[in-house]
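Just below is one structure, and these are the notes that go with it.
The values are calculated or read from the model by the stated rules, or taken from the named source; none is laboratory data. Being a predicted model, the structure only gives us computed values, none of them experimental. Cβ sites come from the backbone with ideal geometry, for glycine too, and all protein chains shown count toward neighbours.
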Amino acid sequence: MKKEILRLKREKNAVILAHHYQSLAVKEVADFVGDSLELSKIASKVDESRILLCGVHFMAETAKILAPQKRVFLPNKEAGCPMADMVTAERLAEMKIQYPEAVVVTYVNSSAEVKAISDICCTSSNAVKIVNSIDAKQILFVPDQNLGQYVQSLCPDKEIVLWRGFCPTHHRVTAQEVDARMAEFSGAVLFAHPECRPEVLSRADFIGSTAQIITACEESGAMEIVIGTEQGVVDTLRLKHPEKTFHLLDEAMVCKNMKKTTLEDIYYTLSEDRGEIFVDETVSKNAYGAIHRMMERS
Ligand code: 13P
Ligand code: SF4
């Protein structure tokens, strides 16, 4: 299957981009593996005429918005992001009327329609920088309440109005569970993603995006690290750094949607052109503005 995928990839002039949460088998056939910001940047620069985005729907949609002249594919069309579905353009439009002075900062984990009526996007790796770059006091932060609260803790001069969305994979972990897990591995440090609850983040030794967590693990002198994000990051770390010990904060931190993509999906996407992503032209143009403003500042 891997050999066939590599052959088809060349034949179809395709590039495979995979998020860190994908399975090891998928990451093995990918040309680039990264966090959501890195994948967006790569998608906007690649030479190939086709992009296979192995991740969830908003990632492929973002790639299509950034590279509208390319054919972009999501190998498994069922792979969505439940947090992105927690905000619709209709509900955001209503909220904007309630907060007319607020600048709308939208996490990339959102639909193109929501991005299209936002002022600027952010990812978990640049959210603090983006909010600090805004020349307004009130920010409407959409849709992740935990990332929004984390940004608020580092930007005390801003007044951040939170949307009540969350990531089911990260939000499920409670402070008691963290305390129990850390007690199991006394001496270990905790590196966590800002989609975790504030009481989890307050116990963390490092907070960052998936790529930032991987880099921090590589640069840290710590030999035993508990990882507070999705299981795919632990897979990568164990493979790249067998000299260190990595534990998943909670064995249930597995994103079902990220794990939907299989090698078979990639094969059929390449051979049968399945799962192509299309975005309405006007929506795409407006969403591009919000994404591009983020890219310029990060
Ligand atoms: P990153 O921006 O860290 O890649 O995170 C994306 C995501 O979906 C986290 O749940
Ligand atoms: Fe969405 Fe959470 Fe899965 Fe990331 S881990 S894709 S935020 S459900």
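Details
- The range 86-118, residues that are assigned to a loop (DSSP other than H, G, I, E, B) and either within 18 Å of Glu281 (Cα to Cα) or not charged (D, E, K, R) (or both): Val87, Thr88, Tyr99, Pro100, Ala102, Val108, Asn109, Ser110, Ser111, Ile117, Ser118
- Pick from the range 216-249, criterion among the charged types (D, E, K, R) and either modelled with pLDDT under 95 or touching a strand residue (DSSP E or B) at 6+ places or on another chain (Cβ under 8 Å) (or both), ranking: nearest to ligand 1 (Cβ to nearest atom): Arg238
- Residue check, Thr123 within 16 Å of ligand 2 (Cβ to nearest atom) and farther than 25 Å from Pro68 by Cα: no
- Some residue of the range 159-180 being in contact with a strand residue (DSSP E or B) (Cβ under 9 Å, 6 or more places away or on another chain) and of a type in the set (Lys, Arg): no
- Set side by side, the residues Val131, Val151, Val189, Val142 differ, and just one is β-branched (Val, Ile, Thr), farther than 25 Å from Ser298 by Cα and surrounded by 18 or more Cβ atoms within 10 Å (Cβ to Cβ), which is Val189.
- Set side by side, the residues Glu61, Glu113 differ, and just one is more than 16 Å from ligand 1 (Cβ to nearest atom) and either farther than 19 Å from Lys259 by Cβ or among the polar types (S, T, N, Q) (or both), which is Glu113.
- In the range 128-145, the condition of being among the acidic types (Asp, Glu), outside any loop (DSSP other than H, G, I, E, B), under 19 Å from the mean Cα position of the chain (by Cα) and over 16 Å from Asn286 (Cα atoms) is met by at least one residue.
- The set of residues in the range 44-60 being more than 13 Å from ligand 2 (Cβ to nearest atom) and touching a helix residue (DSSP H, G or I) at 6+ places or on another chain (Cβ under 7 Å) consists of Ser44, Ile51, Leu52.
- In the range 23-51, the qualifying residues are those that are polar (S, T, N, Q) and in a helix (DSSP H, G or I), and the one that is nearest to Met295 (Cα to Cα) is Ser40.
- Taking (1) at pLDDT below 95; (2) over 22 Å from Arg293 (Cβ atoms) in turn, Cys54 satisfies each apart from (1).
- Some residue of the range 55-69 being of a type outside the set (D, E, K, R), more than 24 Å from Thr236 (Cβ to Cβ) and without any contact (Cβ under 8 Å) to a residue 40 or more places away in the chain: yes
- Residue count for the range 113-148, restricted to those that are touching a Leu at 6+ places or on another chain (Cβ under 7 Å) and either free of Cβ contacts under 8 Å to residues at least 60 places away in the same chain or at positive phi (or both): 6
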